[in-house]
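Taking it in order: structure first as C-alpha cells, then the write-up.
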Amino acid sequence: MANIKIKPLGDRVIISPIEPKEVIKGGIIIPDSAKEKPMEGKVVAVGPGALNKKGERLPMDVKVGDKVLYGKYSGTEIKMEDEKYLIMHQDEILGILG
C-alpha cells in the first residue's frame, strides 16, 4: 500500500477498498462492469475528529489499519499513484470488522 500524501480533515477517513475476488458462476466470468462496488475496505488515513459546538475535538471511532464496512454509495472516489481510495465522513462507516 502506498504512503498516503493527503491528510483528511475533521471526521473524514481515507479507505482503500478491498476488491472482491473474481466471481465465476456456472463457468461464466462476470466482467468488472457488472460486479458490485466493494463495500469493505481498510482505513489508511484518519482526520483529527470533528469539532463540537464548544470547539472541542470529538474522538474518532476508527483508526488506521481497521477493516471496515461502508454503504454501497458512500464516499468520494479519489485516485493517487494509480491506486483507488474512498474519502468519506466517519458516520458513513457502518462497522469495524473484527
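The values are calculated or read from the model by the stated rules, or taken from the named source; none is laboratory data. Note that the structure is a prediction, hence the values are computed from the model and not measured. With ideal geometry, Cβ positions are generated from the backbone for all residues, glycine too; neighbour counts draw on all protein chains shown.
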Cross-chain or 6+ apart pairs with Cβ under 8 Å, region 1-16 first and modelled with pLDDT under 85 and in a loop (DSSP other than H, G, I, E, B), then of a type outside the set (S, T, N, Q) and surrounded by 14 or more Cβ atoms within 10 Å (Cβ to Cβ)
1/42; 1/44; 4/14; 4/44; 4/45; 4/85
Does region 27-38 contain any residue that is at pLDDT 90 or above, charged (D, E, K, R) and not in a loop (DSSP other than H, G, I, E, B)?
no
Among residues of region 71-98, those that are hydroxyl-bearing (Ser, Thr, Tyr) and more than 22 Å from residue 5 (Cβ to Cβ), counted:
2
